[in-house]
1. Output the residue which, of all residues in the stretch 134-154 that are of a type outside the set (Lys, Arg) and surrounded by fewer than 18 Cβ atoms within 10 Å (Cβ to Cβ), is nearest to Thr177 (Cα to Cα).
2. Could you tell me how many of the residues in the stretch 189-215 are modelled with pLDDT of 90 or more, on the phi < 0 side of the Ramachandran plot and not charged (D, E, K, R)?
3. Which is among the hydroxyl-bearing types (Ser, Thr, Tyr) and loosely packed, with under 15 Cβ neighbours inside 10 Å, of Ser46, Ser89?
4. Can you tell which of Leu44, Leu36 is in contact with a helix residue (DSSP H, G or I) (Cβ under 8 Å, 6 or more places away or on another chain), within 24 Å of Met183 (Cα to Cα) and not β-branched (Val, Ile, Thr)?
5. Considering every residue within the stretch 163-173, establish whether at least one is assigned to a strand (DSSP E or B) and under 15 Å from Lys83 (Cα atoms).
6. Could you list, in sequence order, the residues of the stretch 34-65 that are of a type in the set (S, T, N, Q) and either over 17 Å from Leu144 (Cα atoms) or touching an Asp or Glu at 6+ places or on another chain (Cβ under 8 Å) (or both)?
7. Determine the pairs where a residue that is of a type in the set (A, V, I, L, M), located within the stretch 37-61, has a partner that is in a helix (DSSP H, G or I) with Cβ atoms under 6 Å apart, the partner being 6 or more residues away or on another chain.
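The values are calculated or read from the model by the stated rules, or taken from the named source; none is laboratory data. Everything quoted here is computed from the prediction, not taken from an experiment. Glycine gets a Cβ as well: all are built from the backbone with ideal geometry, and neighbour counts include every protein chain shown.
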Amino acid sequence: MISTGISCIYNKINKTLDQQSYFIIQPINIGHGITLGNLFRRILLSEMIGYGITKLKINNINSEFQKIFYIREDILEIILNLKEIKFKSTISNLNFTKNTIIKGNLLQKGPIIITAGMFKLTSKNIKILNPYQYICTLITNKYLNINLEINCGYGYKIAYTNLTSLYNYIDLDTIYTPVKKIMYNVRICYDNYGNIKESLFLDILTNGTITPTRCLFESFLYLVNTFYSLFEKQITI
(Lines give C-alpha, C1' and ligand atoms only; values in the text may rest on other atoms or scores of the structure.)
Protein backbone atom coordinates (compact mmCIF):
# COMPACT_ATOMS: atom_id res chain seq x y z
CA MET A 1 0.00 0.00 0.00
CA ILE A 2 1.45 3.37 -1.04
CA SER A 3 0.98 6.60 0.87
CA THR A 4 -1.20 9.06 -1.00
CA GLY A 5 -0.83 12.83 -1.11
CA ILE A 6 2.39 14.75 -0.41
CA SER A 7 5.17 13.37 1.78
CA CYS A 8 8.51 14.89 2.82
CA ILE A 9 11.08 12.09 2.94
CA TYR A 10 14.27 14.11 3.43
CA ASN A 11 15.19 17.42 5.06
CA LYS A 12 18.61 19.00 5.63
CA ILE A 13 20.08 22.34 6.76
CA ASN A 14 23.71 22.88 5.74
CA LYS A 15 26.42 25.13 7.19
CA THR A 16 25.39 28.12 5.06
CA LEU A 17 21.80 27.77 6.39
CA ASP A 18 20.52 26.57 3.01
CA GLN A 19 17.59 24.17 3.41
CA GLN A 20 16.95 21.16 1.19
CA SER A 21 13.90 18.91 1.19
CA TYR A 22 12.76 15.97 -0.92
CA PHE A 23 9.03 15.48 -1.54
CA ILE A 24 6.89 12.76 -3.13
CA ILE A 25 3.52 13.52 -4.70
CA GLN A 26 1.52 10.40 -5.56
CA PRO A 27 -0.43 8.82 -7.13
CA ILE A 28 -0.67 10.85 -10.35
CA ASN A 29 -2.28 9.77 -13.59
CA ILE A 30 0.07 8.55 -16.30
CA GLY A 31 1.56 11.43 -18.29
CA HIS A 32 0.78 14.10 -15.70
CA GLY A 33 4.02 13.82 -13.72
CA ILE A 34 6.18 15.77 -16.18
CA THR A 35 3.45 18.38 -16.65
CA LEU A 36 3.17 19.01 -12.91
CA GLY A 37 6.95 18.88 -12.45
CA ASN A 38 7.51 21.60 -15.05
CA LEU A 39 4.67 23.65 -13.58
CA PHE A 40 6.04 23.56 -10.04
CA ARG A 41 9.56 24.28 -11.27
CA ARG A 42 8.49 27.44 -13.11
CA ILE A 43 6.42 28.70 -10.18
CA LEU A 44 9.07 27.99 -7.55
CA LEU A 45 11.82 29.73 -9.55
CA SER A 46 9.87 32.79 -10.65
CA GLU A 47 6.97 33.42 -8.26
CA MET A 48 8.44 33.02 -4.77
CA ILE A 49 8.80 36.34 -2.96
CA GLY A 50 11.99 37.43 -1.24
CA TYR A 51 14.11 40.41 -0.20
CA GLY A 52 17.28 41.73 -1.79
CA ILE A 53 19.52 44.81 -1.78
CA THR A 54 18.71 47.07 -4.75
CA LYS A 55 20.76 50.19 -3.95
CA LEU A 56 23.96 50.95 -2.09
CA LYS A 57 25.68 54.09 -0.85
CA ILE A 58 29.19 54.02 0.64
CA ASN A 59 30.73 57.27 1.94
CA ASN A 60 29.40 59.29 -1.03
CA ILE A 61 31.15 57.00 -3.52
CA ASN A 62 29.17 57.10 -6.79
CA SER A 63 30.85 54.29 -8.73
CA GLU A 64 31.57 50.65 -7.95
CA PHE A 65 34.99 51.05 -9.59
CA GLN A 66 36.31 53.55 -7.07
CA LYS A 67 38.64 52.63 -4.22
CA ILE A 68 38.56 53.73 -0.56
CA PHE A 69 42.14 53.64 0.72
CA TYR A 70 41.29 52.74 4.33
CA ILE A 71 39.18 49.69 3.38
CA ARG A 72 41.00 46.45 2.59
CA GLU A 73 38.48 45.41 -0.09
CA ASP A 74 37.49 47.35 -3.18
CA ILE A 75 33.87 48.36 -3.81
CA LEU A 76 33.14 45.40 -6.08
CA GLU A 77 34.23 42.94 -3.37
CA ILE A 78 32.05 44.74 -0.83
CA ILE A 79 29.06 44.51 -3.18
CA LEU A 80 29.58 40.77 -3.65
CA ASN A 81 29.76 40.29 0.12
CA LEU A 82 26.61 42.37 0.64
CA LYS A 83 24.73 40.21 -1.85
CA GLU A 84 25.41 37.22 0.41
CA ILE A 85 23.28 38.73 3.19
CA LYS A 86 20.07 36.76 3.70
CA PHE A 87 16.95 38.65 4.78
CA LYS A 88 14.28 36.55 6.47
CA SER A 89 10.74 37.79 6.91
CA THR A 90 9.20 37.68 10.38
CA ILE A 91 5.70 37.67 8.85
CA SER A 92 3.98 35.42 6.35
CA ASN A 93 5.16 35.71 2.75
CA LEU A 94 1.50 35.99 1.83
CA ASN A 95 1.45 39.43 3.47
CA PHE A 96 4.39 40.77 1.47
CA THR A 97 3.88 43.76 -0.78
CA LYS A 98 5.92 44.05 -3.94
CA ASN A 99 8.26 47.08 -4.06
CA THR A 100 8.19 47.47 -0.27
CA ILE A 101 11.39 49.41 0.51
CA ILE A 102 13.33 48.98 3.75
CA LYS A 103 16.39 51.03 4.67
CA GLY A 104 19.57 49.66 6.19
CA ASN A 105 22.33 51.74 7.78
CA LEU A 106 25.80 51.11 9.15
CA LEU A 107 28.19 53.61 10.74
CA GLN A 108 31.43 52.24 12.23
CA LYS A 109 34.86 53.58 13.11
CA GLY A 110 37.94 51.51 12.35
CA PRO A 111 40.00 49.55 12.69
CA ILE A 112 37.25 46.93 12.73
CA ILE A 113 35.86 43.95 10.82
CA ILE A 114 32.44 44.76 9.38
CA THR A 115 29.78 42.02 9.37
CA ALA A 116 26.14 41.90 8.29
CA GLY A 117 24.82 41.95 11.85
CA MET A 118 26.08 45.53 12.32
CA PHE A 119 23.42 46.94 9.99
CA LYS A 120 20.38 48.61 11.54
CA LEU A 121 17.15 48.02 9.61
CA THR A 122 14.17 50.38 9.59
CA SER A 123 11.62 47.55 9.68
CA LYS A 124 10.99 44.85 12.26
CA ASN A 125 9.31 42.71 9.61
CA ILE A 126 12.63 41.31 8.42
CA LYS A 127 15.83 40.19 10.09
CA ILE A 128 19.31 39.25 8.90
CA LEU A 129 19.59 35.47 8.90
CA ASN A 130 23.40 35.36 8.66
CA PRO A 131 24.66 38.20 10.91
CA TYR A 132 28.26 36.93 10.78
CA GLN A 133 28.48 37.32 7.00
CA TYR A 134 31.77 39.13 6.30
CA ILE A 135 31.48 42.49 4.50
CA CYS A 136 34.87 44.27 4.70
CA THR A 137 37.71 45.39 7.01
CA LEU A 138 38.58 48.96 8.04
CA ILE A 139 42.35 49.21 8.49
CA THR A 140 42.58 52.75 9.96
CA ASN A 141 40.56 54.85 12.42
CA LYS A 142 38.38 56.35 9.66
CA TYR A 143 34.59 56.10 9.59
CA LEU A 144 32.61 53.91 7.22
CA ASN A 145 28.99 54.78 6.43
CA ILE A 146 26.93 52.35 4.33
CA ASN A 147 23.29 52.92 3.39
CA LEU A 148 21.20 50.20 1.79
CA GLU A 149 17.84 50.01 0.09
CA ILE A 150 16.23 46.59 0.51
CA ASN A 151 13.30 45.76 -1.70
CA CYS A 152 10.75 42.96 -1.88
CA GLY A 153 10.12 41.26 -5.20
CA TYR A 154 10.13 38.19 -7.41
CA GLY A 155 12.79 36.39 -9.41
CA TYR A 156 15.76 38.41 -10.68
CA LYS A 157 15.95 42.09 -11.59
CA ILE A 158 18.83 43.80 -13.37
CA ALA A 159 19.97 47.17 -12.07
CA TYR A 160 18.19 49.53 -14.46
CA THR A 161 14.78 47.91 -13.80
CA ASN A 162 14.95 48.79 -10.11
CA LEU A 163 13.44 51.99 -8.72
CA THR A 164 14.64 55.46 -9.73
CA SER A 165 18.27 56.12 -8.80
CA LEU A 166 19.10 58.41 -5.89
CA TYR A 167 22.10 60.70 -5.64
CA ASN A 168 25.34 58.81 -4.93
CA TYR A 169 23.48 55.49 -4.77
CA ILE A 170 24.78 52.55 -6.80
CA ASP A 171 22.10 50.40 -8.46
CA LEU A 172 22.58 46.66 -7.99
CA ASP A 173 21.34 43.58 -9.79
CA THR A 174 19.06 41.80 -7.35
CA ILE A 175 18.18 38.14 -6.84
CA TYR A 176 14.90 38.09 -4.94
CA THR A 177 13.95 34.44 -5.27
CA PRO A 178 14.76 32.35 -2.18
CA VAL A 179 14.76 29.14 -4.25
CA LYS A 180 18.26 28.17 -5.37
CA LYS A 181 17.45 24.87 -7.07
CA ILE A 182 14.43 22.78 -8.00
CA MET A 183 14.71 19.36 -9.63
CA TYR A 184 12.04 16.78 -10.31
CA ASN A 185 11.86 13.15 -11.30
CA VAL A 186 8.93 10.96 -12.37
CA ARG A 187 8.67 7.24 -11.60
CA ILE A 188 6.08 4.56 -12.22
CA CYS A 189 4.12 3.28 -9.21
CA TYR A 190 0.93 1.34 -8.46
CA ASP A 191 -2.00 2.66 -6.47
CA ASN A 192 -3.80 0.64 -3.80
CA TYR A 193 -6.03 -0.94 -6.46
CA GLY A 194 -3.16 -2.14 -8.65
CA ASN A 195 -3.56 0.58 -11.30
CA ILE A 196 -0.43 2.00 -12.94
CA LYS A 197 0.22 5.55 -11.78
CA GLU A 198 3.13 7.98 -11.48
CA SER A 199 5.05 9.40 -8.52
CA LEU A 200 6.49 12.91 -8.75
CA PHE A 201 9.69 13.52 -6.76
CA LEU A 202 10.58 17.16 -6.03
CA ASP A 203 14.03 18.22 -4.77
CA ILE A 204 13.84 21.82 -3.48
CA LEU A 205 16.82 23.84 -2.21
CA THR A 206 16.28 27.30 -0.65
CA ASN A 207 18.64 29.90 0.80
CA GLY A 208 17.21 29.36 4.29
CA THR A 209 15.00 32.45 4.44
CA ILE A 210 12.01 30.22 3.74
CA THR A 211 11.57 26.48 4.15
CA PRO A 212 11.08 24.21 1.11
CA THR A 213 7.79 23.06 2.65
CA ARG A 214 6.57 26.66 2.77
CA CYS A 215 7.67 27.18 -0.84
CA LEU A 216 5.72 24.13 -1.98
CA PHE A 217 2.64 25.28 -0.04
CA GLU A 218 2.81 28.74 -1.61
CA SER A 219 3.23 27.25 -5.09
CA PHE A 220 0.01 25.26 -4.56
CA LEU A 221 -1.72 28.40 -3.32
CA TYR A 222 -0.47 30.35 -6.34
CA LEU A 223 -1.97 27.73 -8.65
CA VAL A 224 -5.31 27.78 -6.81
CA ASN A 225 -5.50 31.58 -6.92
CA THR A 226 -4.52 31.68 -10.59
CA PHE A 227 -7.22 29.26 -11.69
CA TYR A 228 -9.80 30.68 -9.29
CA SER A 229 -9.33 34.16 -10.76
CA LEU A 230 -10.36 32.76 -14.15
CA PHE A 231 -13.71 31.65 -12.72
CA GLU A 232 -14.52 34.52 -10.37
CA LYS A 233 -17.45 35.47 -12.55
CA GLN A 234 -20.22 32.93 -12.79
CA ILE A 235 -20.04 31.00 -16.04
CA THR A 236 -23.13 29.41 -17.56
CA ILE A 237 -22.40 26.21 -19.46
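1. Here is the first cut: in the stretch 134-154, the residues of a type outside the set (Lys, Arg) are 134-141, 143-154.
Among the residues that remain, those that are also surrounded by fewer than 18 Cβ atoms within 10 Å (Cβ to Cβ) are: 134, 137, 139-141, 143, 145, 154.
Details: Tyr134: 22, Thr137: 29, Ile139: 35, Thr140: 37, Asn141: 38, Tyr143: 33, Asn145: 28, Tyr154: 6 Å.
Among them, the one singled out is Tyr154.
2. 15
3. Unique residue meeting the criteria: Ser46.
4. Only one candidate passes the filter, namely Leu44.
5. Within the stretch 163-173, one or more residues are assigned to a strand (DSSP E or B) and under 15 Å from Lys83 (Cα atoms).
6. Across the stretch 34-65, the qualifying residues are Thr35, Asn38, Ser46, Thr54.
7. Correct list of pairs: Ile43/Ser219; Ile43/Tyr222; Leu44/Cys215; Leu44/Ser219; Met48/Cys215; Ile49/Asn93; Ile53/Leu82.
Residues checked against (1) within 25 Å of Pro178 (Cα to Cα); (2) among the aliphatic types (A, V, I, L, M); (3) not in a strand (DSSP E or B):
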site: Leu17; (1), (2), (3): yes, yes, yes
site: Gly52; (1), (2), (3): yes, no, no
site: Glu64; (1), (2), (3): no, no, yes
site: Ile91; (1), (2), (3): yes, yes, yes
site: Leu107; (1), (2), (3): no, yes, no
